[in-house]
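Right, one structure below, let's go through it.
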Amino acid sequence: MSTPEDLFFNALHTVRDSTLHAANIFDSQLDSLATSLRGVLSSSTWLPESYRPRPPLPPPPPPPPPHSLPFYYASLLNPSYLYKSTSAWATRHKFLSATLFVSLTLGTCYTTHRLLLRRSKKRLKRRTARAPNGARTQVVIIAGYPHEAITGLLALDLEKRGFIVYIVVTTPEEERAVVAGVGQGRADIRPLMLDVADPVAHIERFASYLLSPQTAFQGATASHYLSLVGLVIVPALSSYQVAPIEVLCGDMWADTMNINLLQPIVITRCFLRVLALFKARVVVLQSVIVPSLAPPFCALETVVGRAVEGWVGVLEREVSPFGVGVSLIKVGNVEGLSGGNGNQHFPTTASASSSASSSRMRTPSPSSIPPGARADVLSWPAPLRASYARQFIASLSSSSSPAAAASVRGAPLRDLHIAVFDALSGGGSGPKTKRPAKHVYSVGTGSRVYEVLAGWLPRSAVGWLLGVPRFGSVNVQQHRRARGEIRNAGDPEPDSGSGGEGGVGSGGGAAVAGVFVDSGFGK
């Protein structure tokens, strides 16, 4: 049973609710009237513009659905949503997420290591130790052709770093070239005469000179001893004859092997006892791109490069027990080393394969044919010109074009100088910066990439990159007719003087003429 107080309070609440409801209705009606009045006054023309009220704001747009594109981009800025979605994806794809995590971690560590190592190498001071009186004490022997550019550049750089440089010579002409040309009058770049046929006397005289006390200048009382640091073998990095194997005669093979393979081996053999006496090192420089890819018409450089690499591996295992270290510097594309002496028409650097894929046996323009290649091809026998001229000229014109040369930028020459110094002394001049020398150094653009590509890619893929025609693409009957081995039924008999190596029939002459017209030789 309700009391009078309850009835009073219930009536009071009813009055309050009714009053609030009426006030809300009045407020909404007043707002609607004010909005309508504001819209009418804002669009009226009789009221001055300064007194007109602003038009009402448009209603806000509705929120986008959860799976729409704006909602997706907005969610990327939300850390909590991003974390939840990433965790859910990683839970669903555990193997893929683990692979991505390991790849990103290893890539970041490797990139950071390379950047820090490169910065530390640039900061590292590479100078030789000297005697207390300031005299030079460390000796380096360079076995290379004195007229090669790489020999002179290495000698000058090693002399600037504090070495006494000796360049092996075998003739008086080479001795004069070292004194006047390579050394440029520097007293610490000296020739070292060596008779390869009888080297015992020269080696003993040089060893006794190293073991005898020396003075910094004439009349000095303090003496010091010299120390042999290493022997740098510099074969020809660019001057190789480029031609088909059928054109390369036995004399060309013999000369190339004697100069670039046998002579470095014999010189190293002569100095092995002295190197073991001083615990010195043997550093061998060798171009790596052409031997790795084995492109057509580069048989000489490919054979020499692979033979040198095998010889260095055997030498390292034989002399390492005696304290003689061996290092192989694989030289890629280095600025200032391309285009050496000799018939260097086909580049031995990274441009040999960067643009070779565009030489699909197309007809080259006469302006893109190197002048030396024109003379070389004209000196071939006519049957060989008919067989190889088109592919040979196409490969040369593509690899020697300005676009191919501009697309490949070699490493600076300073990288090669740093690698040679590190291979000789391990880098640095103090005990805190001394590091053990490595067995293999890679210097230059493409020194690692092309070796990996040649080892992992199929042979057909490597041949396609080099522009080699596919297997069986040459018609055998047309090929033999172009060489003059077979004739048509109505062809006349060949002249008596057209026989032999250079003679071809009428069909061969027409084929040769067609090849030379297409290649630009007949223009």
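VAL140 versus (1) hydrophobic (A, V, I, L, M, F, W, C); (2) assigned to a strand (DSSP E or B); (3) under 21 Å from ASN258 (Cα atoms): which is the lone unmet condition?
Going through the list (1) hydrophobic (A, V, I, L, M, F, W, C); (2) assigned to a strand (DSSP E or B); (3) under 21 Å from ASN258 (Cα atoms), VAL140 breaks only (3).
Out of the residues in region 31-81 that are within 27 Å of SER97 (Cα to Cα), in a helix (DSSP H, G or I) and open to solvent by 70 Å² or more (accessible area, probe 1.4 Å), state the one that is modelled with the lowest pLDDT.
LEU69
With the structure loaded, tell me whether ALA386 is modelled with pLDDT under 75, in a helix (DSSP H, G or I) and over 20 Å from the mean Cα position of the chain (by Cα) or whether it fails that test.
no
When residues of region 156-198 are filtered for being among the charged types (D, E, K, R) and assigned to a loop (DSSP other than H, G, I, E, B), how many remain?
Summing the residues that are among the charged types (D, E, K, R) and assigned to a loop (DSSP other than H, G, I, E, B) in region 156-198 gives 5.
From the residues in region 149-177 that are basic (Lys, Arg) and over 19 Å from MET193 (Cβ atoms), which one is least open to solvent (accessible area, probe 1.4 Å)?
So the residue we want is ARG161.
Taking the criterion of being modelled with pLDDT of 70 or more, among the small types (Gly, Ala, Ser) and surrounded by fewer than 22 Cβ atoms within 10 Å (Cβ to Cβ), would at least one residue in region 332-349 satisfy it?
Yes, region 332-349 has at least one match.
Hey, among ARG186, ARG190, ARG205, which residue is open to solvent by 70 Å² or more (accessible area, probe 1.4 Å) and at pLDDT 90 or above? Give the derivation first.
On the way: ARG186 fails: at pLDDT 90 or above; ARG190 fails: open to solvent by 70 Å² or more (accessible area, probe 1.4 Å).
Testing whether each residue is open to solvent by 70 Å² or more (accessible area, probe 1.4 Å) and at pLDDT 90 or above leaves just ARG205.
Can you pull out the residues in region 124-146 that are touching a helix residue (DSSP H, G or I) at 6+ places or on another chain (Cβ under 7 Å), at pLDDT 85 or above and either surrounded by fewer than 21 Cβ atoms within 10 Å (Cβ to Cβ) or under 14 Å from ARG161 (Cα atoms) (or both)?
Residues satisfying the conditions are VAL139, VAL140.
The values are calculated or read from the model by the stated rules, or taken from the named source; none is laboratory data. This is a predicted model, so every value here is computed, not measured. Cβ sites come from the backbone with ideal geometry, for glycine too, and all protein chains shown count toward neighbours. Ligands, DNA and RNA are excluded from the accessible area calculation, which covers all protein heavy atoms including side chains. Shrake-Rupley method; radii C 1.70, N 1.55, O 1.52, S 1.80 Å.
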